[in-house]
Amino acid sequence: MPRAVRIQQTGGPEQLQVEEVEVPAPGAGEVLLRQSACGVNFIDCYHRSGLYPLPHLPHGIGVEACGVVEAVGEGVREVQVGERVAYATPPPGAYAEARVLPAERLIPVPDEVDDLVAGGTLLRGLTAWLLLHRTFTVRRGHTLLIHAAAGGVGQILCQWADALGATVIGTVGDEEKAQVAAEHGCHHPIVYTRDDFREKVEAITGGRGVDVVYDSVGAATFEGSLDCLRPLGLMVSYGNASGAPPAIEPGLLAQKGSLFLTRPVLFHYVADRHELLAGASAYFDALTQGVIEPRVGRRYPLEKAAQAHTDLEARATTGATVLDLGAAD
């Protein structure tokens, strides 16, 4: 039987256990995938810890993978047997050798994009697309602040924003990550463990502030991020790597310059298949044209999923973190 990573209860990385699972034949509108690479993302940690509750326990983990269509159910027209596809969608359960999913959520992968990149970066790529093209339309002349600029989403955001003509400021944890960010389109890396990022942003922008902040860190950076915005600027909170942001009074946004605040969820933006394919097409086009060169960082076998979560939460990774189902333990 195929293997999958599941949790019996919420908690730390030690809750991730590899089990043999029964995988049913695909029903109407469904597809059976034989998977090759699974992305490891912070949302997986939130599901595992209970921050984002799962519908029931025990339950699988992971929302992103790449694989080959092994069988299709009645009425499937979106994909065909033998086709290489990827997805970034709930319900969780992507950490698995085989899986059944609705065909409408699957995206054909171009030949030029390998399995590790497709399975390990699609969620990040779609997230970057919604942040740069849907939540806020980035154009030449805009100035952005991107937290965790050397991370998986951060690297893609920096490269894509640079290609769009924006000035990119990014925060990172150390000099090594500052170099990584700089190599991926970040014009002004700030080592937040050494420098006050608010003061640095003020100096870089000449006191104007940035047009938009993309904040995946959460509690540790939220209030400082608001201080970096120009009047009428947009705060985009899209992650909780350091914990959930604090509750704020709406009046605070007025006091700081009539700011805007949003909390986008990717799955709301791509619930419609047309939008899903539009976002994926934009991302894959950027990949194949060389606008974005995502870095696959650490690769782990399925049995090391707990170590992958530990390293991700410790911010010991750069680029995409992937479960390589072809890797040996």
Give A320, A286, A282 a once-over and let me know the one that is crowded, with 16+ Cβ neighbours inside 10 Å, under 17 Å from the mean Cα position of the chain (by Cα) and under 17 Å from D115 (Cβ atoms). A320
Within the set of pairs 6 or more residues apart or between chains, which connect a residue that is in contact (Cβ under 8 Å) with a residue 24 or more places away in the chain inside the range 10-25 to a residue that is outside any strand (DSSP E or B) and among the aliphatic types (A, V, I, L, M) with Cβ atoms less than 7 Å apart? P13/A306; E14/A306; L16/I61; L16/A305; L16/A306; V18/L302; V21/M1
Filter the range 168-184 down to the residues that are in contact with a helix residue (DSSP H, G or I) (Cβ under 8 Å, 6 or more places away or on another chain) and either surrounded by fewer than 24 Cβ atoms within 10 Å (Cβ to Cβ) or touching a residue at least 40 places away in the same chain (Cβ under 8 Å) (or both), then identify the one that is farthest from V265 (Cα to Cα). V180
Result of the Cβ filter at 7 Å on the range 250-261, keeping first residues that are assigned to a strand (DSSP E or B) and partners that are of a type outside the set (S, T, Y) and surrounded by 13 or more Cβ atoms within 10 Å (Cβ to Cβ), at least 6 apart or interchain, is F260/L234; F260/M235; L261/M235; L261/L253
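Please determine, by comparing only the residues of the range 141-166 that are of a type outside the set (A, V, I, L, M), modelled with pLDDT of 95 or more and in contact with a His (Cβ under 6 Å, 6 or more places away or on another chain), which one is surrounded by the fewest Cβ atoms within 10 Å (Cβ to Cβ).
Q159
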Any residue in the range 16-33 that is assigned by TED's automatic domain parsing to the domain that holds S281, within 28 Å of T317 (Cα to Cα) and surrounded by fewer than 16 Cβ atoms within 10 Å (Cβ to Cβ)? yes
Quick one: is E275 acidic (D, E), surrounded by fewer than 18 Cβ atoms within 10 Å (Cβ to Cβ) and part of a helix (DSSP H, G or I)? yes
Only unsatisfied item for V85, checking (1) in contact with a Pro (Cβ under 8 Å, 6 or more places away or on another chain); (2) at pLDDT 95 or above; (3) not in a strand (DSSP E or B), is (3)
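So that you can scan it fast, the table gives a plain yes or no per residue for (1) under 27 Å from G206 (Cβ atoms); (2) out of contact with any helix residue (DSSP H, G or I) (no Cβ under 7 Å at 6 or more places or on another chain):
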| residue | (1), (2) |
| --- | --- |
| R124 | no, no |
| L131 | yes, no |
| T135 | yes, yes |
| R140 | yes, yes |
| A149 | yes, no |
In this structure, is S225 closer than 27 Å to L51 by Cβ, over 18 Å from the mean Cα position of the chain (by Cα), crowded, with 20+ Cβ neighbours inside 10 Å and not assigned by TED's automatic domain parsing to the domain that holds C45? yes
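Table: residues versus (1) at pLDDT below 95; (2) more than 22 Å from Y46 (Cα to Cα); (3) buried (at least 18 other Cβ atoms within 10 Å of the Cβ).
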| site | (1), (2), (3) |
| --- | --- |
| E74 | no, yes, no |
| T89 | yes, no, yes |
| R99 | no, no, yes |
| A103 | no, yes, yes |
| L106 | no, yes, yes |
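Do we find that V210 is modelled with pLDDT of 95 or more, touching a His at 6+ places or on another chain (Cβ under 9 Å), within 25 Å of H133 (Cα to Cα) and among the hydrophobic types (A, V, I, L, M, F, W, C) in this structure?
Judged against the criteria, V210 is a match.
The values are calculated or read from the model by the stated rules, or taken from the named source; none is laboratory data. What you are looking at is a predicted structure, and each value in this text was computed from that prediction instead of being measured. As a convention, Cβ positions derive from the backbone with ideal geometry for all residues, glycine included, and neighbour counts pool all protein chains shown.
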